[in-house]
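A.B. asks: Take this structure, written in structure tokens, and hold onto it; I'll ask about it next.
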Amino acid sequence: MEKETTHKKRILTGMRPTGKLHLGHYVGALENWLALQNEYECFFLIADYQALGDHLGETERIRNSVIDVVLDWMAVGLDHEKSSFVVQSYIPEYAELFMLLSMFVPLSLVDRNPTLKAEIAQQKKSDVSLGFYNYPVSQAADILLSQAHLVPVGEDQLPHIELTREIVRKFNTIYNTKIFQEPKALIGRIPRLVGIDGQAKASKSLNNAIFLSDSPEEIKAKVKKMYTDPTRIRATDPGHVEGNVVFSYLDAFYNDKSDLKALKERYEKGQIKDVEVKQLLAETLCAFIAPIREKRSYYANNMKEVRRALQEGTERARTVAQKTMTQVRDVMGITKY
Ligand code: ATP
Ligand code: MG
């Protein structure tokens, strides 16, 4: 069936298949994806090439995570009929454009990328692979191959979108063309959800997250271990809400804002125990995740549908990718020797 999407603006965004998706993905990215899937022609990319940059010896993990990511996407309500789920490695044009765009990027620019710097520090390795170092450029290629207008992402991705915009300007100037346009970033409701251990970002790699597939028991155990206010010894001590992980999660997931305001006031006056606040959070998160987990298990039992979604989405993206690459080779004078 021909998709009625040609008049729509495009979105390209994605995830790395490095594990199951967590609450940070939901409030930082997926929520926007869900809201925009009717309005835009969406390409949701599973960046398996990119994951190899720091998980080279873990091919099994990547393979499993490709499926986990799609299951999580379908579980939260992304619709594979409306949007395209795309496997990066199935479309060689991603690698080709990535290689070409690498030529446009001064090393000093990559060196200054704050997200990359933080991630390299986090890896605690003496040597980071050139592939990992270069992943922001691979993301630029992902976005530009689809000629996307909008990229809904978490805050950590902003420097990569800025890089993409710089590449577009340089490419269009050098080749006196307009084939690429500068994409815009769209940040989620919670730009960066903190880790349950108090680290600045919940992340798959740091294993400091509550996953969209966690059971009620896992959720309760994780909430129990969450950081609260280290200065508070007794429940009657005045507590701090700012920088308190439990309240960061309540801010993100507890819908009754006036109730939450009253709760914060009681906490600040030392009128409520940590354990009570944690119980409220655990209940809130269990209720939020229950329908997602249920839908996930439906799709896990219907793997044919999941694999078909990947195949069909990738085919739609391939058509766009091939068209873009023909234009790129043409303006760069490649294959006309
Ligand atoms: P990894 O640790 O393997 O890099 P990750 O948890 O950072 O995994 P990604 O696949 O790199 O997840 O990110 C996918 C998308 O989710 C990006 O748009 C990213 O900005 C967003 N995202 C990831 N973690 C968070 C978070 N804690 N808060 C808000 N957005 C997030
Ligand atoms: Mg990441």
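A.B. asks: State whether one or more residues within the range 213-223 are under 30 Å from S89 (Cβ atoms), open to solvent by less than 80 Å² (accessible area, probe 1.4 Å) and at pLDDT 95 or above. Lay out the reasoning, then the answer.
C.D. replies: From the range 213-223, those under 30 Å from S89 (Cβ atoms) are 213-214; that's our starting set.
Subset that is open to solvent by less than 80 Å² (accessible area, probe 1.4 Å): 213-214.
With the extra rule that they be at pLDDT 95 or above, the set shrinks to 213-214.
Yes: the range 213-223 contains one or more residues that are under 30 Å from S89 (Cβ atoms), open to solvent by less than 80 Å² (accessible area, probe 1.4 Å) and at pLDDT 95 or above.
A.B. asks: I'm trying to understand the selection: among the residues of the range 40-65, which are open to solvent by 20 Å² or more (accessible area, probe 1.4 Å), touching a helix residue (DSSP H, G or I) at 6+ places or on another chain (Cβ under 6 Å) and not in a loop (DSSP other than H, G, I, E, B)?
C.D. replies: D48, Y49
A.B. asks: Still on this structure, please answer the following. Given the options G77, G24, name the one that is within 16 Å of ligand 2 (Cβ to nearest atom) and modelled with pLDDT of 95 or more.
C.D. replies: It is G24.
A.B. asks: Something else about it: What pairs come out if I take residues in the range 113-129 that are under 12 Å from A200 (Cβ atoms) and pair them with residues that are of a type in the set (D, E) and within 13 Å of ligand 1 (Cβ to nearest atom) whose C-beta lies under 6 Å away, six or more apart or interchain?
C.D. replies: T115/D156
A.B. asks: Please determine, by comparing only the residues of the range 145-160 that are over 13 Å from the mean Cα position of the chain (by Cα) and closer than 19 Å to Y135 by Cβ, which one is nearest to ligand 2 (Cβ to nearest atom). Even if it seems obvious, please write down each step before you answer.
C.D. replies: To start, the set of residues in the range 145-160 that are over 13 Å from the mean Cα position of the chain (by Cα) comprises 145-150, 159.
If we keep only those that are closer than 19 Å to Y135 by Cβ too, we end up with 145-146, 148, 159.
Details: L145: 20, S146: 20, A148: 19, P159: 12 Å.
For the range 145-160, the residue satisfying everything is P159.
A.B. asks: Turning to a different aspect of this structure: Please tell me if F104 is assigned by TED's automatic domain parsing to the domain that holds L30, outside any helix (DSSP H, G or I) and in contact (Cβ under 8 Å) with a residue 40 or more places away in the chain. Spell out how you get there, then give the answer.
C.D. replies: Numbers: assigned by TED's automatic domain parsing to the domain that holds L30: yes; outside any helix (DSSP H, G or I): yes; in contact (Cβ under 8 Å) with a residue 40 or more places away in the chain: yes.
Here the answer is yes, as F104 does meet what is asked.
A.B. asks: Of all residues in the range 136-153, how many are open to solvent by 10 Å² or more (accessible area, probe 1.4 Å) and not polar (S, T, N, Q)?
C.D. replies: Count: 3.
A.B. asks: Continuing with this model, one more query. Could you go through the range 239-262 and let me know if any residue there is open to solvent by less than 40 Å² (accessible area, probe 1.4 Å), over 24 Å from R192 (Cα atoms) and among the hydrophobic types (A, V, I, L, M, F, W, C).
C.D. replies: no
A.B. asks: Identify, from the list T319, T335, the residue that is within 19 Å of V87 (Cα to Cα) and without any contact (Cβ under 8 Å) to a residue 60 or more places away in the chain. Give the derivation first.
C.D. replies: Numbers: T335 fails: within 19 Å of V87 (Cα to Cα).
That would be T319, the only listed residue that is within 19 Å of V87 (Cα to Cα) and without any contact (Cβ under 8 Å) to a residue 60 or more places away in the chain.
A.B. asks: Given the condition within 16 Å of ligand 1 (Cβ to nearest atom) and farther than 11 Å from D274 by Cα, answer yes or no: does some residue in the range 224-231 qualify?
C.D. replies: Initially, the range 224-231 is screened for residues within 16 Å of ligand 1 (Cβ to nearest atom), giving 226-227.
Okay, now just the ones that are also farther than 11 Å from D274 by Cα, so none.
Within the range 224-231, none of the residues are within 16 Å of ligand 1 (Cβ to nearest atom) and farther than 11 Å from D274 by Cα.
A.B. asks: Based on this model, can you work out whether L71 counts as within 14 Å of ligand 1 (Cβ to nearest atom), farther than 20 Å from G131 by Cα and surrounded by fewer than 24 Cβ atoms within 10 Å (Cβ to Cβ)?
C.D. replies: Details: within 14 Å of ligand 1 (Cβ to nearest atom): no; farther than 20 Å from G131 by Cα: yes; surrounded by fewer than 24 Cβ atoms within 10 Å (Cβ to Cβ): yes.
Spelling it out, it is not the case that L71 is within 14 Å of ligand 1 (Cβ to nearest atom), farther than 20 Å from G131 by Cα and surrounded by fewer than 24 Cβ atoms within 10 Å (Cβ to Cβ).
The values are calculated or read from the model by the stated rules, or taken from the named source; none is laboratory data. Keep in mind that what you see is a predicted model, and the values were worked out from it rather than measured. Every residue, glycine as well, gets a Cβ built from its backbone with ideal geometry; the counts of neighbours run over all protein chains shown. The accessibility values were calculated without ligands, DNA or RNA, using every heavy atom of the protein model including side chains. Shrake-Rupley method; radii C 1.70, N 1.55, O 1.52, S 1.80 Å.
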